[in-house]
Amino acid sequence: MASVGFGTPLDDRTHFAFLAETSRCLGDSLDFQSTLETAAGLALPHFGTWCMVDVIETGGSIRRVAIIHPDAAKQQAAREYYAAHPPCKDDPIGAPRVIRTLESEFVVVASSETLGDLPDEEHRNLLRELGARSFLMVPMRARGRTLGAITFVSDAQRQYDDADLLLAEDLGRRCAMALDNARLFRESQDLRVSAEDALARAEAAREDAAFAARRADALRAAADAARHEAEIANKSKENFLTTMSHEFRTPLGIVLGYVGLLNDEVAGPINDGQRKQLQRIGTASTHLLRLIEEILTISKVDAGRGEPDLESADLSALLRDAVALLAPMAEAKKISLALDLPDAPIVFPTDPGKFRQIVFNLAANAVKFTKTGAVRLGLREEEETLVLRVSDTGIGISPEDAEHLFESYWQVRATDQRYPAGTGLGLSITRQLARLLGGDVAVESIAGEGSTFTVRLPRPTWSGVNQLSEQRSLVEYRERRKRASRVAERPVLAPADPRRR
């Protein structure tokens with residue numbers, strides 16, 4: 001066995017004793033940096049004056065984690081230099097080369113000229129100061145992974161032999177295993193902490209979910225209670241309005257009946273002044289009766305009891321029926337009612353009663369606010385949409401007022417007293433009914449020129465529509481048209497006024 005270190009022969013017993021002591025030190029701690037420093041310090045008497053330990057970082061860079069030198073001042077100088085000039089993984093010599101090739105290396109600095117080949121003068125001066133003459137570098141590799149390298153430096157021009165190499169490589173493997181064990185322990189600790197954090201978060205989430213569930217149950221119970229109270233309130237309101245309607249309509253009907261009898265001079269002749277007063281009584285009573293009916297309609301829709309009862313109907317015939325009812329009112333004002341209908345009947349699935357109320361509300365409103373000219377009603381089917389248009393040549397409405405036109409109880413502040421005041425509910429009901437049928441109503445108007453109301457109703461696509469046969473619906477509405485024509489003593493349609501918006 002060759003003579004190494006400080007001239008002490010390294011026999012087998014020393015060899016095994018060194019490895020045993022190193023293994024014990026490496027196994028006593030899982031702090032890899034202090035462990036490596038301890039192991040390197042134990043190896044110094046056998047391999048040189050000082051040593052360095054380099055490890056591979058996660059990103060592939062190399063970090064010098066330990067520099068051991070018996071001279072504290074020289075050790076501090078080496079640490080400061082290598083802290084400012086860390087090894088690079090692409091360096092052609094030194095530990096980076098050993099890490100790349102996985103082959104141990106002997107380097108003997110034979111003369112000062114050899115140090116002169118180093119490009120960094122500061123590095124050359126440091127090595128001269130530290131007395132670096134011979135180098136032995138071995139890789140640290142464990143479980144198939146290269147973890148770094150150990151570099152031993154001697155201050156003598158010494159030639160390391162194969163025995164030194166075997167011992168140094170054995171030390172490198174033991175250090176690498178300790179380093180990898182420390183890594184695995186650190187990762188297991190990190191995993192344990194992560195698992196504990198995840199468990200804590202899961203427990204917190206479970207508690208939050210339980211609280212949210214309890215809160216949801218409480219909110220659901222409160223919502224059920226509120227819904228029950230709302231249903232009771234709606235029922236009470238509906239009962240009140242129904243009773244009020246009955247109690248109001250009965251005396252109003254009697255009042256209107258006596259007004260009719262007096263106008264017919266059943267109780268004796270009346271003069272013009274009396275007839276004028278009777279007309280005012282009749283107008284006020286009719287207005288109040290209409291207000292009651294419209295309030296009832298809105299209350300039913302708001303209570304959710306206005307579901308459409310869909311069936312296929314001839315809407316052309318229905319439009320003619322509405323015009324027949326409005327004809328006396330239009331003729332009294334000497335304005336014409338005109339219909340714009342296609343030749344073929346328009347059979348469309350809708351709620352005939354609600355559609356009739358939409359038509360009547362819009363047409364009656366147009367007649368009311370038209371002094372001269374015409375009111376025109378048009379009906380078309382555009383693809384899968386029914387389009388109803390009601391145009392007039394009346395007073396029109398400003399853009400500012402048009403924004404509020406469909407609000408309940410809202411009325412245009414008209415300065416012209418020749419136009420009777422309405423209830424402020426007709427157009428609101430019209431929009432609610434149109435939306436109940438899946439559509440909507442819009443208005444285009446110019447103050448002083450007239451208005452056009454457009455209702456668009458989509459064709460229902462859901463099943464359950466009562467599809468009456470086309471023939472049956474035509475027969476039914478033609479009969480209604482005949483009955484309406486017999487009631488009206490004058491022609492239904494008057495010539496259309498050529499003035500149209």
So, of the residues in region 353-383 that are open to solvent by less than 10 Å² (accessible area, probe 1.4 Å) and either under 42 Å from the mean Cα position of the chain (by Cα) or of a type in the set (Asp, Glu) (or both), which turns out to be nearest to Phe453 (Cα to Cα)?
Leu362
Has region 51-72 got at least one residue that is among the small types (Gly, Ala, Ser) and farther than 25 Å from Arg183 by Cα?
yes
On the given criteria, is Arg97 open to solvent by 60 Å² or more (accessible area, probe 1.4 Å) and modelled with pLDDT of 85 or more?
yes
Confirm whether Arg145 is within 18 Å of Val108 (Cα to Cα), open to solvent by 10 Å² or more (accessible area, probe 1.4 Å) and free of Cβ contacts under 8 Å to residues at least 40 places away in the same chain.
no
Qualifying residues in region 187-236 (those that are closer than 30 Å to Leu296 by Cβ and open to solvent by less than 60 Å² (accessible area, probe 1.4 Å)) - the one modelled with the lowest pLDDT:
Asn234
At least 1 residues that are modelled with pLDDT of 85 or more in each: list the helices (runs of 4 or more DSSP H) lying fully within region 334-439 that qualify.
352-368, 426-436
Residues in region 264-272: is at least one without any contact (Cβ under 8 Å) to a residue 24 or more places away in the chain, at positive phi and open to solvent by less than 90 Å² (accessible area, probe 1.4 Å)?
yes
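Of the residues that make up region 193-207, is at least one among the small types (Gly, Ala, Ser) and in contact with a strand residue (DSSP E or B) (Cβ under 8 Å, 6 or more places away or on another chain)?
For region 193-207, residues among the small types (Gly, Ala, Ser) and in contact with a strand residue (DSSP E or B) (Cβ under 8 Å, 6 or more places away or on another chain): absent.
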Looking only at region 329-338, decide whether some residue is in contact (Cβ under 8 Å) with a residue 60 or more places away in the chain, closer than 21 Å to Ala434 by Cα and among the charged types (D, E, K, R).
no
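Yes or no, residue by residue, for (1) among the hydrophobic types (A, V, I, L, M, F, W, C); (2) outside any helix (DSSP H, G or I):
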{"residue": "Glu129", "(1), (2)": "no, no"}
{"residue": "Thr151", "(1), (2)": "no, yes"}
{"residue": "Leu166", "(1), (2)": "yes, no"}
{"residue": "Asp170", "(1), (2)": "no, no"}
{"residue": "Arg173", "(1), (2)": "no, no"}
{"residue": "Met177", "(1), (2)": "yes, no"}
{"residue": "Asn181", "(1), (2)": "no, no"}
{"residue": "Ser194", "(1), (2)": "no, no"}
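Output the number of residues of region 181-220 satisfying the condition of being over 27 Å from the mean Cα position of the chain (by Cα) and not acidic (Asp, Glu).
Total meeting the criteria: 16.
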If Phe135 passes every condition in (1) within 20 Å of Pro96 (Cα to Cα); (2) open to solvent by less than 20 Å² (accessible area, probe 1.4 Å) but one, which one does it miss?
(2)
Select, from Ser236, Ser245, the only residue that is of a type in the set (Gly, Ala, Ser) and in contact (Cβ under 8 Å) with a residue 24 or more places away in the chain.
Ser245
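The values are calculated or read from the model by the stated rules, or taken from the named source; none is laboratory data. Just so it is clear, the structure is predicted and the values come from calculations on it, not from any experiment. Here Cβ is always computed from backbone atoms with ideal geometry, including for glycine, and neighbour counts include all displayed protein chains. Remember, those area values only see protein heavy atoms, side chains included, never the ligands or the DNA or RNA. Shrake-Rupley method; radii C 1.70, N 1.55, O 1.52, S 1.80 Å.
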